[in-house]
Amino acid sequence: MKVVVIALLESVGAIFNVLIVVVLIWLMFAILGISLLGGRLGYCDVGTNDYYGISRSECEEMGKNWRIFDTNFDNIFKAMNTLYVISSLEGWPDIMF
């Protein structure tokens, strides 16, 4: 047990280096997602029927509510959160659909 704990403590530096690389890659893809999808991940909420093919202005002209998905690319924090959810493979089907 002592050997395992010592090995884990000695590998913290290498794990930290890998974590930095992963965060930089997520940051790069988050910036790309913001420039490609920023402000576009929303839908018109009309109750039982959701309109996905209309714009925000058309939705507001109809007197309906414009909703934004929880996982989106509107700012860097939401983009990093979306990329984390996708890369962890937990909840990505909700984003896909």
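Miscellaneous remarks
- Residue match in region 39-56 (condition: assigned to a helix (DSSP H, G or I) and modelled with pLDDT of 85 or more): no
- Among the conditions (1) part of a loop (DSSP other than H, G, I, E, B); (2) in contact with a Leu (Cβ under 6 Å, 6 or more places away or on another chain), the only one that residue 26 does not satisfy is (1).
- Considering residues of region 57-84 that are hydrophobic (A, V, I, L, M, F, W, C) and within 26 Å of residue 25 (Cα to Cα) only, the residue modelled with the lowest pLDDT: 69
- Candidates in region 67-85 are the residues that are among the β-branched types (Val, Ile, Thr) and under 14 Å from residue 23 (Cα atoms); of these, the one that is surrounded by the fewest Cβ atoms within 10 Å (Cβ to Cβ) is 76.
The values are calculated or read from the model by the stated rules, or taken from the named source; none is laboratory data. On a predicted model such as this, the values are computed, not experimentally measured, just so you know. All Cβ positions, even for glycine, are placed from backbone atoms using ideal geometry, and neighbour counts span all protein chains on display.
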